[in-house]
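Quick notes on the structure that follows.
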Amino acid sequence: MKDETPNANGQRIPNGMLEDNYPRNMWWVAAYREEVTQKPIARWLLDTPVVLYRTEEGTPAALYDRCPHRWAPLSEGHVSGTQLVCPYHGMEFDRAGHCTKAPTQTMMPKTAQIPSFPVKEAGAFIWIWMGDPKAIDRDPPDVSYQSDPNWSFITGYMEVAANWVLIRENVMDLTHIAFLHKNTFKQNDWITAPETYWEGDSICYEQEFDLAPLSPLFCAGMGLPEDKPIKRVQKGWMPSLAISFSDWKVHDPNPDPGKRSDFIMRGCHIVTPSNKGQTHYFWGAAFDVPEISPQVAAKTKDSVVAAFNEDKALLQKLQANVSADPRGLDYLEVTLGADGAGVKVRQVLNKQLAQEGRSLT
Amino acid sequence: MKDETPNANGQRIPNGMLEDNYPRNMWWVAAYREEVTQKPIARWLLDTPVVLYRTEEGTPAALYDRCPHRWAPLSEGHVSGTQLVCPYHGMEFDRAGHCTKAPTQTMMPKTAQIPSFPVKEAGAFIWIWMGDPKAIDRDPPDVSYQSDPNWSFITGYMEVAANWVLIRENVMDLTHIAFLHKNTFKQNDWITAPETYWEGDSICYEQEFDLAPLSPLFCAGMGLPEDKPIKRVQKGWMPSLAISFSDWKVHDPNPDPGKRSDFIMRGCHIVTPSNKGQTHYFWGAAFDVPEISPQVAAKTKDSVVAAFNEDKALLQKLQANVSADPRGLDYLEVTLGADGAGVKVRQVLNKQLAQEGRSLT
Amino acid sequence: MKDETPNANGQRIPNGMLEDNYPRNMWWVAAYREEVTQKPIARWLLDTPVVLYRTEEGTPAALYDRCPHRWAPLSEGHVSGTQLVCPYHGMEFDRAGHCTKAPTQTMMPKTAQIPSFPVKEAGAFIWIWMGDPKAIDRDPPDVSYQSDPNWSFITGYMEVAANWVLIRENVMDLTHIAFLHKNTFKQNDWITAPETYWEGDSICYEQEFDLAPLSPLFCAGMGLPEDKPIKRVQKGWMPSLAISFSDWKVHDPNPDPGKRSDFIMRGCHIVTPSNKGQTHYFWGAAFDVPEISPQVAAKTKDSVVAAFNEDKALLQKLQANVSADPRGLDYLEVTLGADGAGVKVRQVLNKQLAQEGRSLT
């Protein structure tokens, strides 16, 4: 951070929009599982070019996307058996990044070693650890509901030209729904700050709402009419900077005969920094309802995308303005009561950076 | 300025193409009056993101385009009564930038104060003062002819990817008409340097021309045939770095019976820096002729735009070359006799910067 | 070079992808002869904006593309007799860059002197010397075959967004043909490193191949069937960093009655840095066969372009990755046996830079 002075509100500006502010010793999501196949793909993660692929056996792998010979992007190459073949001169590498073949010679260049990154498959995702492999002390967060047949899981992806913390804070303070999304979510009763608290390492918020129609985004998934008043509890939690959830727990006090009273829509918000001004945003909307029809899933996805595009457009303009502004980060950043979860996000971020010997404050 | 050495001609390079060189304690044009409505607009002025809008009462206002809460661009919000509402979390601000409402709480965040900029409506324009408000010591330049019913006023706007001083000097030395505009203006008799002098704080140039056909750009507005020889006096003056005028005073020695002998076309050249490489250019072409027909106005505008596009194309290439060139500003800048007004422009600029405690020399 | 530490392989990274690494005291190719006419063209060469033109007498000339008066690009101007006329205010300059006319005044501004660059026509090209003219100690490399009627010469041009050394090394190590071009060249027998050696100042490589069908790219030019086994010697040489050749010497052991047994296809690879991340790549494919038909020439050109586009795409991705990567040049660069010519390229480069008092190591 260039500007190390506290701002007028007594806070330091911790969001690091203009600098690298990504902890490395943690699991980030690299991709949806089905994105990673024997055809290698290139993806920037934490300011690093990464090639993601599967061996012919199906094992996922992630390497630094630069051949140690003449620096060609390996993501332009192909998989052969368990090896990734460089597109330029045909050198071959295993999942650990060791060179196993240099076609024009018999002697193996022992120094030809590519940095490799541990990956794990969990839920719908492939997770990557880009820091010190010796520091791996946990599994990726539990997302087993994503493959639970009692749930229906709708997913999407957006590349957002904004710092990942902007999205992380956005999804941890849903009071913006009543303003930014008033024409899409139409859930305009969220106008007070929720309670926020810790559950272990997870940041949580929770709030109960009076009888009111549910946002039309989620009615179809639950089979509810759009004008039917229901009770609603909103519970969110963030087990890691990489992922947070927002449960919309719906109670229908007057269900049709033989119908369910209670439903959950579980929002899932995954951010992975591409670089300081660019973020991979993976999202999910899951219902504890098995086998939602393709029509309902498509309708739900369309309306969620429309709403999230509102966030994307706003955050991108915000980022572009701050990036272009000579004033940069040197401005007020007033905190409101509704920022309880957002403030905790920054505490977690600062703590993790401190553990890595880095700091934004 | 990185390069502070005088160039080979003994001059310092004062145009600051690659640095911030905009005086702040002066009125600049922010917009045409009709551009500013209850629907807020975003505009970069002097390297600052500004939101321009009118309250429901019609009063124009200008604020720094960043909410002091989470930095959303207020230009994406809306006007409600006398307040500007942030698009993100619904915070409301008055014209002075004071927060008057934070929807999720009853306590007002007193530190939530946005920088505001004084604005004035004069002539066709909204003027903005982006420096110290206490330093306001004058009104915007007199442009009352712009709303005088005895004049017809044709206007246009261009965003030009070049430093504002390049345009300012361009319009203060019209000897380029005979070269750059030889196929549009077709006024190829301007091949000697005009006299330049001061009228108070205004830079002036003046030159008298022999009988010759008038540029076809202005014949229609005056009702003159394109091949009729007329006498012409060119008088220009620059009352402020923000605005200059160029009068084409035409005398027809042989008017048709009952017709006028004398006409004025008053060019108006307004530049406002967006940033060091980008300029808002507002222009006007006014005739002291009431009620010019829409056909004549449209024809005149088309031909003026064609000519000004020649300036735009050349100055943009010039700026792009110098910006990309490692040599930067470290090159000759030879001054000719015809640069009398341009040299004075730089004197005014340096004087104003010095008054603000800044300097380009 | 920011990073001056040797990399893990003990080598320094000499390719200077992210810095200016172009020797100036040598002949570079500025353009094809027919590109340079009385209509001036703008071209960036060695990070310098250059205007190329011919006087009305046909003499080619090259000037720094900035008028010394108000910095307009002279490439937007026009030629008048032996003079180049500035588009902005009509100042005129001779081939040596001396101002010969300033239209608005009689006194000539003696300081108005534009840097000029020596040029020479040789073969199909106009060559330019951008360093110290006093250091000119040789002619451009011999390319007389390009205008020899016993040869047919097919040419092309690509602008490549990659450092010139990447292309230079690419064309000096053709073992990549078996991998990167396996679907275009289809000459998949080049899987061992060639011998490399010096002939005077020229870097050479040479290799003999067993009977095998010739790459379909060159069969048409030699009138050979695509499946006919032939003997082949590959000989390459680089007389200057600006230009290298690759001869495909073909021997048909069973020619049809009365037909030739021996043919040469002479590849010509010319690189000229535009800037550190952008290169002009001029290429030629010449056959020692007179009067190749337009159909065969067009077919040959199409297939060569398809193959060279593979290099372009790969090198551009490589350059973009390294440029965006915070790691920059700080990475392994393992050298293989097949890099013999490439290593010599860097020796030549470092020697020339040292002669100019500069260094990449």
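Only the coordinates and a few stated rules stand behind these numbers; no lab work does. This structure is a prediction, so every number in the text was calculated from the model and none was measured. Backbone-built Cβ (ideal geometry, glycine too); neighbour counts: all protein chains shown.
Remark: relative contact order (chain B) = 20 percent; criterion is Cα-Cα distance under 8 angstrom and separation of 6 or more residues.
Placing a label point 7 Å from the Cα of C:TRP198 along the Cα-to-Cβ direction, the distances to the matching points in the other copies come to 6.9, 6.9 nm, shortest first. The residues neighbouring A:ASP252, those whose beta-carbon lies less than 9 Å from its own, together hold a net charge of +2 under the Lys/Arg +1, Asp/Glu -1 convention.
What GluC sites (Glu not before Pro) does the range C:38-96 have in DSSP loop regions with at most 16 other beta carbons within 10 Å?
On the way: sites: C:GLU56, C:GLU57, C:GLU76, C:GLU92; in loops: C:GLU56, C:GLU57.
Sites meeting the loop and neighbour criteria: C:GLU56, C:GLU57.
For C:GLY223, the point set 7 Å out from Cα toward Cβ sits 8.1, 8.1 nm from its twins in the other copies, listed from shortest up. Treating r as the C-beta distance of A:GLN347 and B:MET158 and R0 as 41 Å, the FRET efficiency rounds to 0.25.
Let a ≥ b ≥ c be the square roots of the eigenvalues of the Cα gyration tensor of the range A:179-240; is it rounded (a/c under 1.5), or, if not, prolate (a/b larger than b/c) or oblate? Intermediate results must be reported in sequence, preceding the final value.
Values: a/c = 2.09, a/b = 1.89, b/c = 1.11.
Since a/c reaches 1.5 and a/b is larger than b/c, the shape of the range A:179-240 is classed as prolate.
Inter-label distance, B:PHE209 to C:PHE209: 7.0 nm, where each label sits 7 Å from its Cα along the C-beta direction.
In µm²/s, what is D for the range B:146-355 at 25 °C and 0.890 mPa s, where D = kT/(6 pi eta Rh) by Stokes-Einstein and Rh is the Kirkwood radius from Cα pairs?
Translational diffusion coefficient: 136 µm²/s.
One quarter of the surface of the convex hull around the alpha-carbon atoms of the protein assembly as shown equals 52.6 nm², the direction-averaged projected area. Within the range A:50-204, the proportion of C-alpha pairs whose separation exceeds 28 Å stands at 45%.
Considering every alpha-carbon pair of the range B:288-361, the percent of pairs per 5 Å bin, from zero through the bin containing the longest distance, is 3, 11, 9, 13, 19, 15, 10, 9, 7, 4, 0.
The modelled label-to-label distance between A:ASN254 and C:GLU195, using points 7 Å beyond Cα along the C-beta direction, is 9.7 nm. In order along the range A:54-71, the phi-based Karplus estimate (6.51 cos²θ - 1.76 cosθ + 1.60, θ = phi - 60°) of 3J(HN,Hα) comes to 10, 5, 4, 6, x, 6, x, 8, 9, 10, 4, 8, 8, 5, x, 8, 10, 6 Hz; Gly and Pro are listed as x. Going by Cα centres, the range B:289-340 and the range C:74-135 are how many Å apart? So the two Cα centres are separated by 23 Å.
From the largest down, the range B:94-148 spans 50, 24, 10 angstrom on the principal axes of its Cα atoms.
Per-residue counts of other Cβ atoms within 10 Å, averaged by peptide: what ranking do you get for B:113-120, A:298-305, highest first? Write down the numbers at each step before the final one.
Numbers: B:113-120: 18.2, A:298-305: 16.5.
Ranking the peptides B:113-120, A:298-305 by packing returns B:113-120, A:298-305.
If you average 1/r across every pair of different Cα atoms in chain A and take the reciprocal, what Kirkwood value do you get, in Å?
Numbers: mean 1/r = 0.0451 Å⁻¹.
Kirkwood radius, chain A: 22.2 Å.
Here the residues C:PHE185, B:PHE287, B:PHE125, ranked from fewest to most Cβ neighbours within 10 Å of their Cβ, fall in the order C:PHE185, B:PHE287, B:PHE125. Using the Cβ atoms and a cut-off under 10 Å, what net charge is assigned to the surroundings of B:GLN83, where Lys and Arg are +1 and Asp and Glu are -1? Here the count lands on -1.
Using a cut-off of 23 Å between Cα atoms, the listed pairs B:LYS317/C:LYS312; C:LYS301/C:LYS344; B:LYS235/B:LYS276; B:LYS120/B:LYS301; A:LYS39/C:LYS317 include B:LYS317/C:LYS312; C:LYS301/C:LYS344; B:LYS235/B:LYS276; B:LYS120/B:LYS301 as exceeding that distance.
In the protein assembly as shown, taking the dipole from charged Cβ atoms about the Cα centre, the farthest positive-side position among A:LEU315, C:CYS67, C:PRO326 is held by C:PRO326. Charging the Cβ of each Asp and Glu at -1 and of each Lys and Arg at +1, and nothing else, the dipole of the range B:27-135 about its Cα centre rounds to 220 debye.
Our compactness index for the range C:27-135, the C-alpha radius of gyration over the empirical 2.2 N^0.38 Å, is 1.01.
Shape of the range A:168-291 from the C-alpha gyration tensor: prolate (a/c of 1.5 or more and a/b above b/c, with a ≥ b ≥ c the square roots of its eigenvalues). A:THR106 label point (Cα plus 7 Å toward Cβ) to equivalent points in the other copies: 8.8, 8.8 nm, shortest first. Stretching B:SER80 away from B:ILE136 to a fully extended chain increases their span by 17.2 nm, per 0.36 nm per residue minus the current alpha-carbon distance.
Take each residue of peptide C:70-82, count the partner chain Cβ atoms within 10 Å of its Cβ, and average: the result is 4. Taking the empirical scaling 2.2 N^0.38 Å for compact globular proteins as reference, the range B:223-323 has a Cα radius of gyration ratio of 1.31.
Considering only the Cα atoms of the range B:47-103, their convex hull presents on average a projected area of 3.5 nm².
Based on DSSP H segments of at least four residues, each scored -39500 (n - 2.57), the protein assembly as shown has a per-residue ellipticity at 222 nm of -6000 deg cm²/dmol.
Residue by residue along C:317-326, Cβ atoms of other protein chains within 10 Å of the local Cβ number 5 on average. Roughly how big is the protein assembly as shown's charge dipole about its Cα centre, with Cβ charges of +1 (Lys, Arg) and -1 (Asp, Glu), in debye to the nearest 20? In total the dipole reaches around 360 debye. The calculated FRET efficiency for B:LYS39 paired with B:GLN113, based on their beta-carbon distance and R0 = 25 Å, is about 0.55.
Which whole-number percent gives the relative contact order of the range B:27-135, counting Cα pairs below 8 Å spaced six or more residues apart?
Working: 237 pairs, mean separation 27.4, N = 109.
Relative contact order comes out at 25 percent.
Around the Cα centre of chain C, unit charges on the Cβ atoms of Lys, Arg, Asp and Glu (plus for the first two, minus for the last two) sum to a dipole of about 740 debye.
Between C:TYR32 and C:LYS182, full extension at 0.36 nm per residue minus the direct alpha carbon distance yields a gain of 51.0 nm.
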